[in-house]
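Before any comments, here is the structure.
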Amino acid sequence: MGSRKCGSCLSCLLIPLALWSIIVNILLYFPNGQTSYASSNKLTNYVWYFEGICFSGVMMLIVTTVLLVLENNNKYKCCQSENCGKKYVTLLSIIFSSLGIAFSGYCLVISALGLVQGPYCRTLNGWEYAFEGSAGRFLTDSSIWIQCLEPAHVVEWNIILFSILISLSGLQAIICLIRVVIQLSKILCGSYSVIIQPGII
C-alpha cells in the first residue's frame, strides 16, 4: 500500500513537469515574444526537434496517465490468480517508466546540445551560429554575447530556457528511475512473487 501511494505521488509530479516543458519549449519559438523569427525560420535548429512539446510534454503526459491507471486499478486480474494480475501490472509499470526515462532523456540530450551550440542570430557576418565552434565556452563569457545583434538578448533567452528544459527533463528522468527501482524492489525483495506457480492458473 505504501509503495503504491509513493508511486502515485511520483506520477502526479510528472504532470506539472510535463506541462512546464511544453510551455518552455513554446517560448523558445518566440525570442523576446516576437513571432517573426519563427515564421522566417531564424531559430536554432534544435527547437524543431520538439523535445519539450512532444517528448517531455505530450508523451510524458501519456506515460503518466497509464501509470496512474495501473496504480489505481489494483484489482486488475489477467487470469484466475491475483498474483498473476499484480505481475503484469508491475511489468507494465516498469515498461512505461522506462519509456518515461527514454522520453525525458531525449529532451535532456537535445536541450543540452542546443545550449552548447548557442543561438542562431544575426552578426556582422549575417545570420549564423555565432558560438558554434566555441564548445560552450560562450556560456561563461558574457562579454562575447554582443556578437548576436538580432534577436535582442537571444543568448540569454536560449540559455535560460534550454537550462530550464534540462532541469525539467532531468527531474522527470529521476522520478521515472525511482519508479523503476520501486517496482523492481517488489520483485527482488519479495513483496509478491512474479513467478506463477504450477497449478495456480
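For region 110-140, which residues satisfy the criterion of being among the aliphatic types (A, V, I, L, M), touching a residue at least 24 places away in the same chain (Cβ under 8 Å) and within 23 Å of residue 169 (Cα to Cα)? Those that are among the aliphatic types (A, V, I, L, M), touching a residue at least 24 places away in the same chain (Cβ under 8 Å) and within 23 Å of residue 169 (Cα to Cα): 110, 112, 113, 115, 139. Any idea which of (1) open to solvent by less than 40 Å² (accessible area, probe 1.4 Å); (2) modelled with pLDDT of 95 or more; (3) aliphatic (A, V, I, L, M) is the one residue 23 doesn't satisfy? Only one criterion is unmet by residue 23, namely (1). Read through the list (1) surrounded by fewer than 16 Cβ atoms within 10 Å (Cβ to Cβ); (2) within 24 Å of residue 21 (Cα to Cα); (3) among the β-branched types (Val, Ile, Thr), then give the number of the only condition that residue 159 fails. Residue 159 satisfies all of (1) surrounded by fewer than 16 Cβ atoms within 10 Å (Cβ to Cβ); (2) within 24 Å of residue 21 (Cα to Cα); (3) among the β-branched types (Val, Ile, Thr) except (1). Looking at 155, 109, just one residue is β-branched (Val, Ile, Thr), modelled with pLDDT of 95 or more and farther than 30 Å from residue 182 by Cα, and that residue is 155. Just one residue in the set 114, 85 is modelled with pLDDT under 95, open to solvent by less than 40 Å² (accessible area, probe 1.4 Å) and in a helix (DSSP H, G or I); that residue is 85. Looking at region 182-190, is at least one residue within 16 Å of the chain's Cα centre (by Cα), β-branched (Val, Ile, Thr) and either on the phi > 0 side of the Ramachandran plot or modelled with pLDDT of 85 or more (or both)? For region 182-190, residues within 16 Å of the chain's Cα centre (by Cα), β-branched (Val, Ile, Thr) and either on the phi > 0 side of the Ramachandran plot or modelled with pLDDT of 85 or more (or both): absent. Among the residues of this structure, residue 127 counts as one that is within 16 Å of residue 47 (Cβ to Cβ) and either open to solvent by 70 Å² or more (accessible area, probe 1.4 Å) or not in a helix (DSSP H, G or I) (or both).
The values are calculated or read from the model by the stated rules, or taken from the named source; none is laboratory data. Since the model is a prediction, treat every value here as computed from it, not as a measurement. Here Cβ is always computed from backbone atoms with ideal geometry, including for glycine, and neighbour counts include all displayed protein chains. Calculation scope for accessible area: heavy atoms of the full protein, side chains included, ligands and nucleic acids excluded. Shrake-Rupley method; radii C 1.70, N 1.55, O 1.52, S 1.80 Å.
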